[in-house]
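Peer 1: Input: one structure, supplied below.
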Amino acid sequence: MAFSSTMILPLLLVLLSAFSATSKSVQENFMQCLDANSEHPIPISAFCSQTNSSFTSVLNSTAQNLRYLMPLVPKPEFIFIPVYESHAKSAVICAKRLAIHLRFRSGGHDYEGLSYASEIETPFILIDLIQLRSINVDIDDNSAWVQAGATVGEVYYRISEKSKTHGFPAGLCSSLGIGGHITGGAYGSMMRKYGLGADNVLDARIVDVNGEILDRAAMGEDLFWAIRGGGGASFGVILAWKIKLVAVPETVTVFTVPKTLEQGATKILYRWQQVADKLDDDLFIRVVIQVTKTSQKGKRTVTTAYNALYLGDAERLLQVMDQSFPELGLARKDCIETSWIKSVLYIAGFPSETPPEVLLEGKSLFKNYFKAKSDFVQQPILETALEKLWEMLLEEESPLMIWNPYGGMMANISDSAIPFPHRKGNLFKIQYVTSWYEGSKDATRKHMDWIKGLYDYMSAYVPTSPRGAYVNYRDLDLGMNHNNASYTEASVWGAMYFKGNFRRLVKIKSKVDPGNFFRHEQSIPVVLE
């Protein structure tokens with residue numbers, strides 16, 4: 001997006017005469033306030049009103065779930081795109097002063113659209129941090145400062161530009177906005193070696209409820225603890241993270257080995273559950289489970305694809321697999337030796353010859369109507385239960401399950417080190433997804449009912465006191481805040497995401513944002529008693 005330094009706010013105010021009375025009031029007051037409080041001029045192109053021809057494309061640009069882009073879903077009154085951190089600071093000051101409800105996004109991958117849509121509160125405005133995307137890598141310090149609007153893929157690429165032996169243990173999807181991604185934890189293919197992205201954060205910059213930009217020293221350790229895994233948009237606007245880089249070998253190995261039901265997938269998956277968390281810490285093997293067509297016309301089967309990253313060469317990997325998981329039958333021909341940055345592309349699902357520069361484009365490979373849920377598993381699911389699970393998957397058009405292994409560093413970090421609590425004792429995490437391509441009410445209801453039925457079935461095989469859930473896979477079925485949510489109301493979903501850490505999050509929220517200015521359908525509540 002191009003900005004002209006000469007086309008600033010006063011000219012934009014003149015253009016407001018074309019807007020409706022309601023929109024004019026909200027926008028004009030907001031922009032006048034920004035003009036009075038901004039350190040830097042604000043270009044015309046930093047604003048996108050509903051009356052602007054580009055509004056829909058800007059709103060949709062990073063939004064992943066089409067369910068929240070439907071015509072009847074409330075849209076922001078306008079979108080403000082800060083060019084400088086000071087713009088974001090001024091936006092918070094003005095939204096608070098004018099009592100305008102605020103949503104903000106750094107990527108838009110949030111599964112329930114909470115950063116760009118609202119089910120409980122209108123009108124609202126959207127602050128889109130997409131222009132705040134600078135990345136400064138310091139190899140000598142093993143660190144990088146990364147602005148919130150940068151994608152995970154951009155971060156990986158900029159690290160690889162400076163070093164072939166440094167990386168960062170964050171997400172598998174390269175188009176994730178780093179700002180929101182780390183607020184929920186940040187899973188990735190190096191989690192068993194180095195933990196989550198949020199476990200590897202050294203500092204941060206945040207706009208608090210008073211419109212102050214704070215770093216770690218200024219915000220204090222309680223707030224710094226809360227923003228690393230406590231869920232996005234409850235405590236302020238994340239502007240940047242200082243991340244700790246980790247060591248990667250020059251040569252890593254990746255593979256994908258599919259097994260269908262006809263090839264003994266059930267028995268192999270049962271064995272994977274017994275060994276996945278106990279494998280060499282350098283080895284991450286997730287299982288991607290989908291329904292696929294068979295060679296017989298009209299017939300479908302379930303395919304379990306073992307998708308892996310090993311931080312080492314193929315020869316050593318084969319030794320590890322022969323000792324720990326020979327049932328998979330991994331062969332040398334299955335193994336691809338590559339660089340860490342190219343392994344990122346492989347795991348993200350890009351075609352084999354894709355150059356790393358594609359990571360700078362920040363494009364999502366996944367955009368449709370979908371619903372997701374999650375679970376944490378502590379005991380292997382028996383083969384008989386898996387067989388029933390396959391029957392249910394075969395009833396759905398485009399189901400997807402991803403099983404991510406635990407163990408390694410994930411078992412060595414305390415449950416309370418950061419708000420993300422799902423650590424020792426978990427064998428793996430399950431993500432359930434169903435997606436569809438037609439947005440009618442009937443289609444939506446059909447697929448939503450199916451995944452709820454699947455989730456109900458799985459309740460017999462996961463812990464239930466409380467049942468676990470991953471906050472970056474937001475699920476509003478677990479509960480929603482209504483107006484000023486009570487602690488009791490919010491603790492239903494809060495305990496699932498944060499377990500015993502929820503109480504501490506509420507105490508911190510009550511201290512740093514007692515008026516509950518930063519809020520959404522599943523934001524951390526304040527104690528009102």
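The values are calculated or read from the model by the stated rules, or taken from the named source; none is laboratory data. The structure displayed is predicted, hence computed values, not measured ones. Cβ sites come from the backbone with ideal geometry, for glycine too, and all protein chains shown count toward neighbours. Just the protein is used for accessible areas: all its heavy atoms, side chains included, with ligands, DNA and RNA removed. Shrake-Rupley method; radii C 1.70, N 1.55, O 1.52, S 1.80 Å.
Peer 1: Looking for something in a strand (DSSP E or B), over 30 Å from GLY479 (Cβ atoms) and in contact with a strand residue (DSSP E or B) (Cβ under 9 Å, 6 or more places away or on another chain) - is there at least one such residue anywhere in segment 49-61?
Peer 2: Yes.
Peer 1: Also, I was wondering about something else. When you scan segment 6-29, how many residues do you find that are out of contact with any strand residue (DSSP E or B) (no Cβ under 7 Å at 6 or more places or on another chain) and at pLDDT 50 or above?
Peer 2: Selection size over segment 6-29: 5.
Peer 1: Keeping to segment 342-354, report how many residues are under 19 Å from LEU283 (Cβ atoms) and either in a loop (DSSP other than H, G, I, E, B) or touching a residue at least 24 places away in the same chain (Cβ under 8 Å) (or both).
Peer 2: 5
Peer 1: So how many residues does segment 257-276 have that are of a type in the set (S, T, N, Q) and either touching a Pro at 6+ places or on another chain (Cβ under 6 Å) or surrounded by 16 or more Cβ atoms within 10 Å (Cβ to Cβ) (or both)? I'd like the intermediate steps shown before the answer.
Peer 2: Applying the first criterion (of a type in the set (S, T, N, Q)) to segment 257-276 yields 260, 263, 266, 273-274.
Those still in the list that are either touching a Pro at 6+ places or on another chain (Cβ under 6 Å) or surrounded by 16 or more Cβ atoms within 10 Å (Cβ to Cβ) (or both) too: 266, 273-274.
Selection size over segment 257-276: 3.
Peer 1: Output the residue which, of all residues in segment 62-83 that are touching a residue at least 40 places away in the same chain (Cβ under 8 Å) and surrounded by fewer than 17 Cβ atoms within 10 Å (Cβ to Cβ), is farthest from THR444 (Cα to Cα).
Peer 2: Ranking the candidates gives PRO74 first.
Peer 1: Same structure, new question: Filter segment 116-172 for residues that are out of contact with any Gly (no Cβ under 7 Å at 6 or more places or on another chain), of a type in the set (A, V, I, L, M) and open to solvent by 10 Å² or more (accessible area, probe 1.4 Å); which is nearest to PRO43 (Cα to Cα)?
Peer 2: Ranking the candidates gives ILE135 first.
Peer 1: Within segment 431-479, track down each residue that is assigned to a loop (DSSP other than H, G, I, E, B), more than 22 Å from GLY231 (Cα to Cα) and without any contact (Cβ under 8 Å) to a residue 24 or more places away in the chain.
Peer 2: Selection gives SER440 alone.
Peer 1: Right, next: Hey, among the residues in segment 190-218 that are of a type in the set (D, E, K, R) and out of contact with any strand residue (DSSP E or B) (no Cβ under 8 Å at 6 or more places or on another chain), which one's nearest to LEU279 (Cα to Cα)? Before you say what the answer is, go through the steps one by one.
Peer 2: Looking only at segment 190-218, we keep the residues that are of a type in the set (D, E, K, R), and these are 192-193, 199, 203, 205, 208, 212, 215-216.
Within this subset, residues satisfying the condition of being out of contact with any strand residue (DSSP E or B) (no Cβ under 8 Å at 6 or more places or on another chain) are 199, 212.
Working: ASP199: 21, GLU212: 46 Å.
Result: ASP199.
Peer 1: Considering each residue of segment 429-461, count those that are open to solvent by less than 30 Å² (accessible area, probe 1.4 Å) and over 18 Å from PRO399 (Cβ atoms), and give that number.
Peer 2: Count: 1.
Peer 1: Next question, about the same structure. When you check ILE135 against the structure, is it under 20 Å from GLY362 (Cβ atoms), touching a strand residue (DSSP E or B) at 6+ places or on another chain (Cβ under 9 Å) and among the hydrophobic types (A, V, I, L, M, F, W, C), yes or no?
Peer 2: yes
Peer 1: Pairs needed: first member in segment 226-241, over 17 Å from VAL209 (Cα atoms); second member anywhere, assigned to a strand (DSSP E or B); C-beta distance under 7 Å; at least 6 residues apart or different chains.
Peer 2: ARG228/VAL201; TRP241/VAL146; TRP241/VAL201; TRP241/ALA204
Peer 1: Mind listing just one residue for me: the one in segment 294-312 that is more than 30 Å from TRP340 (Cβ to Cβ) and part of a loop (DSSP other than H, G, I, E, B) and, of those, least open to solvent (accessible area, probe 1.4 Å)?
Peer 2: Going through the qualifying residues, I end up with THR294.
Peer 1: From the list ASP375, ASP322, ASP282, which residue is more than 23 Å from ILE430 (Cβ to Cβ) and in contact (Cβ under 8 Å) with a residue 40 or more places away in the chain?
Peer 2: ASP282
Peer 1: Another one. When LEU59 is evaluated against the numbered criteria (1) surrounded by 23 or more Cβ atoms within 10 Å (Cβ to Cβ); (2) under 22 Å from the mean Cα position of the chain (by Cα), which criterion, by number, is the only one it fails?
Peer 2: Single failed check for LEU59: (1).
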